[in-house]
1. Quick one: dipole size for the range 366-474, taken about the Cα centre, charges +1 on Lys/Arg Cβ and -1 on Asp/Glu Cβ, in debye to the nearest 20.
2. Run the paramagnetic zone check for Asn523: 7 angstrom along Cα to Cβ, then residues of the range 328-371 with backbone nitrogen under 16 Å.
3. Only one of the listed values, (1) 86, 65, 52; (2) 104, 54, 52; (3) 87, 65, 43, was derived from the coordinates as Cα extents along the principal axes in Å; which label is it?
4. Relative contact order of the chain: what whole-number percent is it, with Cα pairs under 8 angstrom and at least 6 residues apart?
5. How far apart, in nm, are the 7 Å Cα→Cβ label points at Val325 and Asn220?
6. What list of ³J(HN,Hα) values in whole Hz, one per residue of the range 311-323 in order, does the Karplus curve 6.51 cos²θ - 1.76 cosθ + 1.60 (θ = phi - 60°) give from phi, with Gly and Pro shown as x?
7. Give me the extension gain from Ile377 to Tyr160: residue separation times 0.36 nm, minus the current Cα-Cα distance, reported in nm with one decimal.
8. Take every Cα pair under 8 Å in the range 71-225 that's 6+ residues apart, average their separations, divide by the length, and report that relative contact order as a whole percent.
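The values are calculated or read from the model by the stated rules, or taken from the named source; none is laboratory data. Predicted, not measured: the structure shown is a model, and the values here were computed from it. Cβ placement follows ideal geometry from the backbone for every residue including glycine, while neighbour counts extend to all protein chains displayed. Just so you know, the surface numbers come from the protein's heavy atoms only, side chains and all, with ligands and any DNA or RNA stripped out. Shrake-Rupley method; radii C 1.70, N 1.55, O 1.52, S 1.80 Å.
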Amino acid sequence: MTGGDISELEAPLLDDVVRGSVDFNGQPAVRSKSGSWKSASFMIGVEVAERFAYYGISANLISYLTGPLGQSTAAAAANVNAWSGTASLLPLVGGFIADSYLGRYRTVIIASVIYVLGLGFLTISAALSESYNSLCESTTSNSACSPPLLEVIFFFFSLYLVALAQGGHKPCVQAFGADQFDEEDKKERLAKSSFFNWWYFSTAAGVFVAQLVLSYVQENMSWELGFGIPGAFMCLALVLFLIGSMTYRFGSSHDGRSPFVRIGLVFVRAARSWYSSSTETSSAAKEKDGKRHFLDRALVVGPEMDGGACTIHDVEDAKVILRLVPIWCTCLAYAVVFSQAATLFTKQGATMDRAITPTLEIPAASMQSIIHICVVISVPIYDRVLVPLARAVTGKPAGITMLQRIGTGMLFSIMLMVTAAFVEAERLATAREHGLVDEPDATVPMSAWWLAPQYVLFGIADVFTVIGLQEYFYDQVPADLKSVGLALYLSVFGVGSFLSSFLITVIDGATASDGGDSWFSSNLNRGHLDYFYWLLAGISALTMLAYLYFAKSYVYKRKD
């Protein structure tokens, strides 16, 4: 074979190498053998199993707290929101560890092991609770036994261990999945946009099964089995993730500096130079245009600057992070609305007629599956019908911008809260009409399917806002902060859960201050969830106006 022949054979091999990526063995990643959908599919499968496990716990958690643990509706809702908020904020820690130290691959493995451990402890806790309640009922003939304090502590320890594990798992798996698509390849760049749609489609399918099946198992068979099955699925997720290792692409371009230190120094030095009287313009600063930003002061050098000025690249990355703040803040109202599905919507459904047949009753938590049925139906329509139509009109690869997509979902969230308020008002009127106001355990003769419209609107809103937020926070952060970017998306819902808990706690105290029933009375027939829903609709509308203002002036990050 001649040298010319070798050159011709090697040329396509060189074109097939993905720049800036290596494979599991540290060799340059070959496009035809790694990454893209072949790798992303493994991670979608992992996430389906993880979401099945997570929602197997969270979807019906309020029923466990008000049931075996004997908490009030307001206390249980606050505890669910506090746990959910913590689970959504911990990804900031997990993303930081992954992006600065361990990498996404190792972080996912460690988080998965902790996940399995937490779910195992929850199963043990449920077994202890069932054993204690059975003993208590047989001894006292009282079904309202309070569990021992140590048992409650062990339960919440196990629950927050799951939250800790989710904090490392959730942002890293999705970021690692998106990393499998090469931004420099046109075909893979378009596939990455679809990846976020099909990611949410697949996870919605897993959540649907969890809410439909596990809620039934928990309420009609045992909580021990209902918590044990998610543990088995997390074991499956870990095995599946490891099986795909040889197909993954790993980023190889890193200058060794922590991205947090690199960008954090921009803010620190910009602030210090503001007060410095003996600074001079660096060569980088002199290259800037006449229009200056506060962070451009980090390009100034002086005796107080400890090592000189930051680079223009560092400053521009810091500006990108700063631009995310208004969007993050104005999405919090959507996150508060998002929190109601697993708490107050579920308690509403528990008071209504949920009979499918004379002998079969659907669990209240399973009504949430309507959201995910809607997502499963809507994502293919959005990706295969709406995007091509919008692309033909706007000329944009994704059809509409990420911020337009998020805003559309926010509009649907306002509509769903208005709908929920009308439905709850009708439920209360039905309870009064049938003399059930003082019978909290009686079933209000109103079909739970009245809740379907608000769940459908919830699913449509998710397809726009949740997927839009995922893509926005992944795409707009610096390249070495992708895990943190998705953690920022999750933190919107974490803070939203805490805000929901705060609102419920404050309103519960304020509306019960005269000794009467609060809006969140344990007897929902004497409460006024409809007033709370109207309040959330108003807050969402005002927040959306602020969102539109910031979205209109937002400047997207330039591609490197």
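1. In total the dipole reaches around 720 debye.
2. 351
3. Step by step, Cα extents along the principal axes in Å for this structure corresponds to label (1).
4. Details: 859 pairs, mean separation 123.5, N = 560.
That works out to 22 percent.
5. Label-label distance for Val325 and Asn220, simple model: 5.2 nm.
6. Per residue, the Karplus-derived 3J(HN,Hα) values read 7, 4, 4, 4, 5, 5, 5, 5, 5, 4, 4, 5, 5 Hz.
7. Extending this stretch completely gives an extra 74.8 nm.
8. It rounds to 34 percent for the range 71-225.
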